[in-house]
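Visitor: Okay, handing you the structure first.
Laboratory data are not the source of any read-out in this text; all were calculated from the coordinates shown. These figures come from a predicted structure and were not determined experimentally. Counting neighbours? That spans all protein chains shown, and the Cβs are built from the backbone with ideal geometry, glycine included.
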Amino acid sequence: MSLKANSNFQTPWRVKMATAKSASPGKAPAQNNKLTVVETVSSTYQNAARNLSRYGSNAGRFGSIAGETAQLTFKGFIRFERAFANCLRANLDNTVEHGRNILKAPSVADVAVQHTAFLNDQIELIGSQIKDLSDVAEQQSKEALAPLFGYVDETVAKAREKSA
């Protein structure tokens, strides 16, 4: 027995289509349906255009922030390198001065005393230099990341305003 032979058998989609056809007078719903599709497509493209505009402005803003952050990072590296070079220069100057004093020492006992004092002074000096360098690095990192943190804070504030 085939399904076509049995005229009383209808699949659910045929029932829905038959109900929809009998409920709609004439061609007016079809035209409304076409207008609805056109309006939906039109609003979708309008929303996409607005979103692309926002994405473009956000990307431009983020690009300028990234550029500013990169410049500040580079300047921070230069400042850190200068501070590091100054530390090396001070250590070299101290070492040369220590060498001169060693050569002028009247006895081996004086050399030992001067060398012990030099090593103690160098340990203290290097400790303070490390602290100074870490302070420079921290300051430069904060300055370099300030534009990015500002952008993030601004974006979060705008999101909170929209949700409120």
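Visitor: Would you kindly derive the ³J(HN,Hα) couplings of the range 56-71 from the backbone phi angles with the Karplus curve 6.51 cos²θ - 1.76 cosθ + 1.60 (θ = phi - 60°), listing them in order in whole Hz, with x for Gly and Pro?
Guide: Those phi angles translate into x, 5, 5, 5, x, 5, 5, x, 5, 5, 5, x, 5, 4, 5, 4 Hz.
Visitor: Which residues does the label zone of GLU143 cover in the range 64-86, counting backbone N under 11 Å from a point 7 Å along Cα→Cβ?
Guide: Output list for this probe position: 72-80.
Visitor: Here's something else I'd like to know. Provide the FRET efficiency to the nearest 0.05 for the PHE74-ASN120 pair, computing r from the beta carbons and using R0 = 41 Å.
Guide: Between PHE74 and ASN120 the formula returns 0.60.
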